[in-house]
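**Student:** I have a structure here, written as structure tokens, and I will follow up with some questions on it.
Quick note: the coordinates plus some simple rules give every number you see, no bench work behind them. None of the values given here were measured: they were computed from a predicted structure. All Cβ positions, glycine included, derive from the backbone under ideal geometry; neighbour counts span all protein chains shown.
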């Protein structure tokens, strides 16, 4: 059987045409005719044809393999690859491409560790000048798998130094190969038309009379070479079998792994829907676990303390990230949410004087606000809220003036010293005028975090082509959730812009507490001022005791009451503003984190893409989303075919090894 194995780099049409070539002969006399047809098919020209051809694609060599299988009852189990001789330089018959190709073809075979190299040299040329010896040394430095073959020994002058040199070479004394050397006689010019039997007879006659005939019979002649190669090949294969089995197993495992990475086939609507259902289930389970804070499974595992690992862990552990963002939002609104920071009002403890005997100077205000300024500066480093202005600091007297102006503008029929209750709402609206900025920034941050989380999950669980098809749909759903959250925020803000309503006793408790603390502070100051420290009569020690003038203290306390009715009402309004602001601040934080963030962004996040979503898809949509590219389909077919061949090879190898 004679056939041609095409070069894998050829086009599909060329490979198909070359593979179709098949010839069978019963006599070696027919071989030249068939080889001529094969070389023509491979695009190889004879020298005289190339001279007459201007076709740049015609060449002296090809990467295709001409396979000649000889079958018969006495034929040995032997495969021999006849490589083109290494061409040293280009000529009129060979191009530089031909020169490079001969080297590449030769190296592609002899570099393989399981190949037995037949280093063929001609006795008509000094073997030191023949490049094949250096080439095999390059890939087989110790000569463990190289057999040297000397051809044309009949061209050496009998008894000459050159003949003696080649004889020593054949004895493995000069260039050493573990497999040794072998002598062959080629047909001479006069013997071109000799049959195989005549050629073998001519070789035997020469070796019987030549110095080379003194070599071991197994090292001379074509017949002994066939047997020698069969034995060498069998021995070589036996040594290579264990390693070959390891390589087969490794290659099989690698190919199966590559098939596994490609996932299940996705060509038919059923296959596409099944794939999307499984992907949706994985997506659903991870999102559900992340939203609920159940961080189990390999997706949530993060080992190491490096910053990028910690960021990755926080991105994947969605509930932890949302809790942290909600906490930061609440803290920002508490610390920086108000428009004015009023000295003595916004501190956590109301232990400062509520009535300033003297106007608060700028230096005093800055000193008193040092702590909160530090907190504000630290909070402003937080990215989502860094562009929102800090609260403006007001001394208490300026705050009273601000409130008094509003009270005067809103005055109706109420008596002096009283105030219109709608004033509290107007002041509250101004004091809380920045809340919407914090809420919108918080919505953007949480929505962006959820978007990055879903993107990370989809990239982790789906091939890149599937990700690019699915992601626009998921992104649009995220944007819809973001819009819904902003609409809900608008409703919450609308509630805070209406006239204040309160049924929380914290409001009245706070007012009473602040008024009581203010009176207690005033009384303490008056008592301190009305106290005189005296020595006991007749006591020689330095000890003193306080002598409190109660009447004087009460008089001082009465004098502290501001007779200005507007100041009195403004003082009460400021207490009411502080109390109602605290009530609404807590309510606003709760509404934003629960009604806006949780309800519209986080809740049911896992339903964005899940098996139920896939079930609603039409066959056309399922195929459009999940069908694999033609390149992936071809790669899968190639890998499956390779796995089948590897499994077949492993089975054959197992039988061979068990028989030995």
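**Student:** Based on the mean of other Cβ atoms within 10 Å per residue, sort peptides 225-234, 444-453 so the most packed one is first.
**Tutor:** Working: 225-234: 15.4, 444-453: 19.0.
Output ranking for 225-234, 444-453: 444-453, 225-234.
**Student:** I would also like to ask the following. Can you give the FRET efficiency to the nearest 0.05 for residue 100 and residue 208, using r as the Cβ-Cβ distance and R₀ = 56 Å?
**Tutor:** 0.85
**Student:** Shape verdict for the range 252-292, please, from the Cα gyration tensor: rounded (a/c under 1.5), prolate (a/b greater than b/c) or oblate.
**Tutor:** It is oblate, given that a/c is not under 1.5 and a/b is not larger than b/c.
**Student:** Is the shape of the range 122-244 rounded, prolate or oblate, going by the alpha carbon gyration tensor and its root eigenvalues a ≥ b ≥ c, with a/c under 1.5 for rounded and a/b larger than b/c for prolate?
**Tutor:** Values: a/c = 2.03, a/b = 1.38, b/c = 1.47.
Here the range 122-244 falls in the oblate category.
**Student:** On to the next question. Nearest 0.05, what FRET efficiency do residue 653 and residue 67 give at R0 = 25 Å with Cβ-Cβ as r?
**Tutor:** 0.70
**Student:** Work out how much length residue 294 to residue 24 would gain on full extension: take 0.36 nm times their residue separation and subtract the Cα-Cα distance, in nm to one decimal.
**Tutor:** Going from the current span to full extension adds 90.1 nm.
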